[in-house]
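What follows is one structure encoded as structure tokens, with my remarks underneath.
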């Protein structure tokens, strides 16, 4: 990668006309092998112009503005920044250190009203690690604290979208979804059986159409009741973690009856009910490598889940191997799904544009298109291959440091 | 069969020596000059029998032999369960089955030196949780093979990832977790039918957060790392005394004197086996400082650690490990789930390999065991980014020959050399690619997994009649 001499001049003059940041966010990437979902698709020798942190032009025949800073990709692949789903990035540091875990609550007064946005830690060491995996945005989800066995918790709370760009404020969109886990684990929190779980859910959604009172609450605090208003109106998606095919059918039926905007998560047996999911245009967040019959909820877990769902017309987003430290594995997981029949382009889309679309920010991120935020990654090879990696990562057009705590440890001890 | 068992039983010390001397020719420290043990009476014997199969050749493939070379347009010939020939100009005998390997890759069978398949099987319900005898930190008396459930559906999934042999270990809740068992990854009804014939026994040990956390939280020792080490030392003192009693008895008997045999103690029998060099220690240990202490414990009592497992900070003491001849079995992608895993880096394996340490990529889980090739590619790429260029011809050893060394079976499997077991994988493409699929998996020359014949893929008893997923 080389920077034109002009960039040095501009940096020197930065204080005069406009801020340094703005200058740094205006440049062009040339000799780019562009790979992006959306209309641009694949361009073997393309140019991307970034102005004030946004993509202003991209394609094979793009005129370079006079004097613009050039980043030569030297034929390397350039993709949109990856968008991770089902993460706790910014909410976790060390899993075994409970004080560093901000993704869950044991409060008996807060469930649906729980909001991950207040726990986000921009200084988390996990963020640079994920960024070095090409990830520029993430959906941060709450989960459950089951330490209080008496607590009947229905909802985990509100998700958020974050930016992985270096800086003091990583919140991108609050209230990105309401998270609810059903199936075996969900039932365990609600009387130990699906028979009580689904009845309670249906009664609750019916009660939400009325005003909250101490008599009409279904175990929810007034704050929880209020937090669910956008779910009932269909403005906020309900993200349901569910695995078994029969449970998926029940959830689809619930969503139809209450006109909910549904997103399925996990959905290990989704391939068995792919047509029903597709018919309701419900998107699915999944880990395509989750093929272990680890519980009786997912006896049918299959490496072909992603390929079968996609072929049925379901919009899928692919996650990493956990919510925090292994989020970066998401691009390998997309590759593994491709090895089991998912079309190559769908593999990339499932970690870029699809999650943006599913969470309602496809007008801003997820593909290389004029007008979108300049979240871009230059790779030294196929972005889904473990032998490849990013050589440059941009968030909002800002070049990100290519280091993490882990790379610094490697440099300290790796020298011969 | 008996003679084969006898022959291989005499070899664990040899296999250990291979592991020790291979990296940089580092001189063994001499603490545990393990002499070959006399063949033990075969308690709990292997009843594994290779499945008879026609002679098979894979022709015109790219072959990574795990001896440091790659053969393009090569042929591998298997007969009688053994590898007969590997090379460019190997004639295929008339009558042998010939498989076209054009555009495909061949490697040795993948070997996982750290697995809990069968002892923590799927589904992961309480009724199946048989991997941690976690009511006491000192359980060298238990044997993982007495917990293994051969119907664990994940054995088949691991085979689909090319895994032909694996070391199944007890969990890490205890200082001494018990004996591990080395298995051939074949469908079976009894664990004896899977036991790798003649593989040495191993002892699982665990440092750090797991034992001290498990017992400290119950108000008993160990509650600290120093408590862990005190527990180890006390046990080795007991083991040394136990070994002396038996030596005295054996000497008297040899002289023809009357002597009463000491009472067998299962835990001490295993520990004494370690002190005699017959049983290989597999030590779960994350932190560099702690591994260094465990090396000193080994020096104090005269045993050598075969491998540190997980060992995410091994890169900080690469030279010490190389000098000790201790192997490392680790991951590339797992980190941060507890304090002692916070300093894990992706290039751990590459740094170790460059400094002459025998290194393996292991799984420790049901997901990674299906794609150890991908995990190795991550480790390889991280090394390259850090300026450590390791060729694929070497890196393939991380999931073949080196785990075989850790398990003491490198003289029989782990590389493609004439005379070795015909444990072979035919990949759809370069195995360091995420898109590579293990199309055919041979175990002792028998085709045990074949994607071209999905109906032939074994389903465990548990999966029968259930809507299990397509592979």
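The values are calculated or read from the model by the stated rules, or taken from the named source; none is laboratory data. These numbers were taken from a predicted model, which means no experiment stands behind them. Ideal geometry is used to build each Cβ from the backbone, glycine not excepted, and the neighbour counts take in all protein chains shown.
Against the list (1) in contact (Cβ under 8 Å) with a residue 12 or more places away in the chain; (2) in a helix (DSSP H, G or I), the condition residue B:234 fails is (1). Number of residues in the stretch B:420-443 that are away from chain A (no Cβ under 14 Å) and touching a strand residue (DSSP E or B) at 6+ places or on another chain (Cβ under 6 Å) equals 10. Touching a residue at least 12 places away in the same chain (Cβ under 8 Å), over 17 Å from residue A:138 (Cβ atoms) and within 12 Å of another protein chain (Cβ to nearest Cβ): is that true of residue A:333 in this structure? So residue A:333 does not fit the description; no.
Annotation: residue B:409 fulfils all but one of (1) free of Cβ contacts under 8 Å to residues at least 12 places away in the same chain; (2) more than 11 Å from chain A (Cβ to nearest Cβ); the unmet one is (1). Residues in the stretch B:282-316 that are within 16 Å of residue B:239 (Cα to Cα) and surrounded by fewer than 21 Cβ atoms within 10 Å (Cβ to Cβ): B:297, B:299, B:300, B:301, B:302. Against the numbered list (1) more than 7 Å from chain B (Cβ to nearest Cβ); (2) out of contact with any helix residue (DSSP H, G or I) (no Cβ under 9 Å at 6 or more places or on another chain), residue A:310 comes up short only at (2). Condition first: at pLDDT 95 or above, more than 13 Å from chain A (Cβ to nearest Cβ) and under 22 Å from the mean Cα position of the chain (by Cα). Can you find one or more residues in the stretch B:450-464 that meet it? Within the stretch B:450-464 (the criterion being at pLDDT 95 or above, more than 13 Å from chain A (Cβ to nearest Cβ) and under 22 Å from the mean Cα position of the chain (by Cα)), the answer is no, since none of the residues qualifies. Residues being under 15 Å from residue A:243 (Cα atoms), within 16 Å of the chain's Cα centre (by Cα) and more than 9 Å from every other protein chain (Cβ to nearest Cβ) are represented in the stretch A:288-307 by at least one member.
Return the pair list, or none, for Cβ contacts closer than 9 Å from residues in the stretch A:66-78 that are on the phi > 0 side of the Ramachandran plot and not assigned by TED's automatic domain parsing to the domain that holds residue A:136 to residues that are at pLDDT below 95 and part of a loop (DSSP other than H, G, I, E, B), at least 6 apart or on different chains. Between residues of the stretch A:66-78 that are on the phi > 0 side of the Ramachandran plot and not assigned by TED's automatic domain parsing to the domain that holds residue A:136 and residues that are at pLDDT below 95 and part of a loop (DSSP other than H, G, I, E, B), the close pairs are A:67/A:4; A:74/A:1; A:74/A:2. Could you tell me whether the stretch B:319-331 includes any residue that is in a loop (DSSP other than H, G, I, E, B) and at the interface with chain A (Cβ under 8 Å from one of its Cβ atoms)? There is no residue in the stretch B:319-331 that is in a loop (DSSP other than H, G, I, E, B) and at the interface with chain A (Cβ under 8 Å from one of its Cβ atoms).
Residue-by-condition table, conditions (1) farther than 23 Å from residue A:365 by Cα; (2) away from chain B (no Cβ under 14 Å); (3) under 24 Å from the mean Cα position of the chain (by Cα):
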residue: A:47; (1), (2), (3): no, yes, no
residue: A:57; (1), (2), (3): no, yes, no
residue: A:72; (1), (2), (3): no, yes, no
residue: A:79; (1), (2), (3): no, yes, yes
residue: A:84; (1), (2), (3): no, yes, yes
residue: A:87; (1), (2), (3): no, no, yes
residue: A:100; (1), (2), (3): yes, no, yes
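Condition check: touching a residue at least 24 places away in the same chain (Cβ under 8 Å), in the same structural domain as residue A:33 (by TED's automatic domain parsing), within 25 Å of residue A:74 (Cβ to Cβ) and surrounded by fewer than 22 Cβ atoms within 10 Å (Cβ to Cβ). Does residue A:380 satisfy that? It is true that residue A:380 is touching a residue at least 24 places away in the same chain (Cβ under 8 Å), in the same structural domain as residue A:33 (by TED's automatic domain parsing), within 25 Å of residue A:74 (Cβ to Cβ) and surrounded by fewer than 22 Cβ atoms within 10 Å (Cβ to Cβ). Screening residue A:267 on (1) more than 12 Å from chain B (Cβ to nearest Cβ); (2) buried (at least 22 other Cβ atoms within 10 Å of the Cβ); (3) over 21 Å from residue A:103 (Cβ atoms) shows it passes everything except condition (3).
From the list B:158, B:173, B:122, the lone residue that is within 23 Å of residue B:361 (Cβ to Cβ), in contact (Cβ under 8 Å) with a residue 12 or more places away in the chain and part of a loop (DSSP other than H, G, I, E, B) is B:122. When each of A:406, A:392 is tested for being within 14 Å of chain B (Cβ to nearest Cβ) and part of a strand (DSSP E or B), the lone residue that passes is A:392.
Residues in the stretch A:360-389 that are part of a loop (DSSP other than H, G, I, E, B) and within 14 Å of chain B (Cβ to nearest Cβ): A:380, A:381, A:382, A:383, A:384, A:385, A:386, A:387, A:388, A:389. Filtering A:181, A:93, A:152 for residues that are farther than 22 Å from residue A:234 by Cβ and away from every other protein chain (no Cβ under 14 Å) leaves a single hit, A:152.
Under the condition of being assigned to a loop (DSSP other than H, G, I, E, B) and within 11 Å of chain A (Cβ to nearest Cβ), which residue from the stretch B:357-397 is surrounded by the fewest Cβ atoms within 10 Å (Cβ to Cβ)? Even if it seems obvious, please write down each step before you answer.
Let us first name the residues in the stretch B:357-397 that are assigned to a loop (DSSP other than H, G, I, E, B), namely B:357-358, B:362-367, B:371, B:386-391.
Going one step further and asking which of them are within 11 Å of chain A (Cβ to nearest Cβ), we end up with B:365-367, B:371, B:386-388.
Numbers: B:365: 18, B:366: 23, B:367: 19, B:371: 25, B:386: 20, B:387: 14, B:388: 20.
Once the filter is applied, the top-ranked residue is B:387.
State all residues of the stretch B:336-355 that are crowded, with 24+ Cβ neighbours inside 10 Å, part of a helix (DSSP H, G or I) and more than 7 Å from every other protein chain (Cβ to nearest Cβ); if no residue qualifies, say none.
Passing the criteria: B:348, B:349, B:350, B:352, B:353.
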